[in-house]
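Bear in mind these aren't lab numbers, they're just calculated from the coordinates by the rules spelled out. Please read all numbers here as calculations on a predicted model, not as lab measurements. For neighbour counting, all protein chains shown are included, and Cβ atoms are generated from backbone atoms with ideal geometry for every residue, glycine included.
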Amino acid sequence: MVKFSLIPREEIFFTLFEDSARNMVKTAKGLKDLIDNWNNVEARVAEITELEHEGDSITHQIMAQLNRTFVTPFDREDIALLAHTMDDITDFIHAAADAMLIYKIDQPSQRAKELADVIMQGAFEVEKAIGLLRNRSGLKNIPEHCVELNRLENMADRIYRAALAELFEDTADLARVIKWREIYDHMESATDRCEDVANVLEGVALKHA
Amino acid sequence: MVKFSLIPREEIFFTLFEDSARNMVKTAKGLKDLIDNWNNVEARVAEITELEHEGDSITHQIMAQLNRTFVTPFDREDIALLAHTMDDITDFIHAAADAMLIYKIDQPSQRAKELADVIMQGAFEVEKAIGLLRNRSGLKNIPEHCVELNRLENMADRIYRAALAELFEDTADLARVIKWREIYDHMESATDRCEDVANVLEGVALKHA
Amino acid sequence: MVKFSLIPREEIFFTLFEDSARNMVKTAKGLKDLIDNWNNVEARVAEITELEHEGDSITHQIMAQLNRTFVTPFDREDIALLAHTMDDITDFIHAAADAMLIYKIDQPSQRAKELADVIMQGAFEVEKAIGLLRNRSGLKNIPEHCVELNRLENMADRIYRAALAELFEDTADLARVIKWREIYDHMESATDRCEDVANVLEGVALKHA
């Protein structure tokens with residue numbers, strides 16, 4: 001399989017997945033820092049936007065590599081799905097940050113802080129699980145991270161539903177309600193996608209362990 | 001193919017699909033009962049939430065079985081798509097019920113009743129069509145259920161558009177408008193997914209009949 | 001492969017893709033005309049709705065053909081994805097036009113005009129790129145259209161974000177804000193899907209050039 005290259009083809013996929021995961025963790029950290037500090041909002045969101053573009057570029061590299069590669073380390077459709085779902089996480093994190101900027105949010109809510117924390121933890125778990133793909137001995141430890149990602153998604157769901165209920169308790173400033181509902185939606189979607197990544201990884205582990 | 005088991009591998013998929021369809025019908029019935037009676041809302045929505053979790057578990061079993069099975073009764077991607085799309089129907093029905101609870105809806109609207117009826121009929125059609133997958137003689141009867149599912153989706157679409165138009169006719173209580181738009185969105189998405197199931201089933205029938 | 005037919009099987013896919021692209025261009029033109037002229041709204045939207053149904057029918061034909069065909073001109077999953085993503089473009093254009101009708105919009109906004117222009121250009125680029133699928137010499141020119149589609153998507157994104165920011169600047173008539181946000185969402189999604197088509201086409205070109 002290795003042709004005039006010191007890196008076997010398979011390795012490239014693992015390296016790119018790890019790049020994508022690392023970039024997604026940085027994006028999640030960017031959102032958490034933005035919400036925790038709430039200063040230099042425009043500059044901070046601009047950084048997150050750059051990370052989002054970097055994520056697009058990595059996803060593009062994975063797909064291009066996939067189209068050039070005949071023998072892949074695991075099923076082609078799992079590779080494509082994993083690449084796109086990790087990219088979705090980054091996109092939703094960016095969308096949440098961007099909405100806060102576009103809508104000129106005054107101050108992040110307590111629920112937003114809680115959701116940003118869960119997203120951060122989810123991003124870390126995804127990164128750890130991705131790091132286990134490289135070898136068979138790692139694969140058998142993937143399921144425990146999937147269990148944790150499921151737990152985090154359930155937690156995010158509870159926070160999200162509480163946030164919505166609270167939001168609609170006071171509809172005097174309805175524009176505010178609409179803006180925050182969209183921000184919460186993006187954040188909850190990010191944790192949903194973390195769970196989707198867990199499902200793909202669980203399948204890969206099952207097929208190859 | 002059968003190894004120390006009285007149930008051939010293939011049968012397991014049909015059984016799980018039937019479980020998923022039966023669970024989805026129960027969820028649709030739960031939504032219809034909730035809307036028709038509108039009492040014990042919290043307890044009724046809790047039941048629908050449990051059915052939604054049960055749906056997740058069945059979908060998970062189908063995917064795990066798929067990852068363990070080498071020879072499948074029909075294309076792997078159709079099995080995965082069918083499992084996820086049926087799960088989506090259950091999820092959207094649950095999301096509609098859950099939104100009614102979170103938003104503390106006073107009273108269900110007439111349009112919600114109409115949509116719940118169409119969803120109920122759609123769920124029944126999906127269940128009937130799924131029951132025809134097991135054998136070749138059944139497959140040729142699948143298209144008629146797909147035609148009916150298309151008719152129901154068109155009907156749901158007309159009700160949904162009328163509901164939205166009516167909703168925005170009176171925007172004095174705009175919070176109410178926003179809440180109901182979301183509930184209607186979920187209900188319409190449920191009927192959309194019934195049509196998606198019909199499209200997958202039609203393909204399977206075409207390939208194997 | 002050719003059995004009692006003057007048209008080789010492969011040709012049918014290219015012809016259907018070209019039909020789908022042409023229909024999508026007509027839909028985009030319908031939206032642009034609707035917004036530029038803003039008269040006979042009901043009749044114009046009815047025409048767009050008919051084009052949307054025609055798009056569904058073409059997509060259905062592609063999928064039926066795919067299920068009947070053993071050897072396909074390029075990967076089955078790329079054919080299915082391309083068919084559905086082009087159909088999504090048509091659907092989102094229709095959804096934008098339909099929302100303008102349902103919500104009884106007074107007058108299209110300047111931002112809507114700008115987005116309709118970008119959608120029109122995107123539809124033309126997709127049509128050109130689709131026309132290059134038929135032969136190997138064309139395939140190598142696909143990437144330049146993908147670059148252009150990426151540029152258009154970035155432009156649409158900037159217009160969309162500016163439109164949202166402006167919309168929420170004045171929330172006195174919040175019902176108007178909600179209606180326009182939905183219309184802009186549909187329009188932006190149409191350009192997103194143009195970029196998705198570009199990604200699929202780029203993969204196909206890479207695999208076959």
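Brief remarks on what is shown
- Test: residue A:142 is within 14 Å of chain B (Cβ to nearest Cβ) and in contact (Cβ under 8 Å) with a residue 24 or more places away in the chain: yes
- Scanning the stretch C:15-40 for residues that are of a type in the set (D, E, K, R) and within 12 Å of the chain's Cα centre (by Cα) yields C:22, C:26, C:29.
- Considering the conditions (1) away from every other protein chain (no Cβ under 14 Å); (2) in contact with a Lys or Arg (Cβ under 6 Å, 6 or more places away or on another chain), residue B:163 is excluded by exactly one of them, (1).
- Looking only at the stretch B:166-184, residues that are touching a Leu at 6+ places or on another chain (Cβ under 9 Å), part of a helix (DSSP H, G or I) and at the interface with another protein chain (Cβ under 10 Å from one of its Cβ atoms) come to 6 in all.
- Scope the stretch A:123-139; condition part of a helix (DSSP H, G or I), surrounded by 14 or more Cβ atoms within 10 Å (Cβ to Cβ) and away from chain B (no Cβ under 14 Å); matching residues: A:123, A:124, A:125, A:126, A:127, A:128, A:129, A:130, A:131, A:138
- Checked against (1) of a type in the set (D, E, K, R); (2) facing chain B (nearest Cβ under 10 Å); (3) surrounded by fewer than 17 Cβ atoms within 10 Å (Cβ to Cβ), residue A:202 passes all but condition (3).
- Hey, residue C:183 among the β-branched types (Val, Ile, Thr) and closer than 18 Å to residue C:14 by Cα or not: no
- Applying the condition of being of a type in the set (Ser, Thr, Tyr) and surrounded by fewer than 23 Cβ atoms within 10 Å (Cβ to Cβ) to the stretch C:14-58 and asking which residue is farthest from residue B:198 (Cα to Cα) yields C:15.
- Among the residues of the stretch B:20-43, those that are over 30 Å from residue B:80 (Cα atoms) and in contact (Cβ under 8 Å) with a residue 12 or more places away in the chain comprise B:34, B:35, B:36, B:38, B:41, B:42.
- Any hit, the stretch A:105-112, residues being within 11 Å of another protein chain (Cβ to nearest Cβ) and assigned to a helix (DSSP H, G or I): no
- Taken over the stretch A:152-209, the criterion of being in contact (Cβ under 8 Å) with a residue 60 or more places away in the chain and of a type in the set (S, T, N, Q) is satisfied by A:189, A:191.
- All of (1) in contact (Cβ under 8 Å) with a residue 60 or more places away in the chain; (2) in a loop (DSSP other than H, G, I, E, B); (3) more than 18 Å from residue C:201 (Cα to Cα) hold for residue C:73 with one exception: (3).
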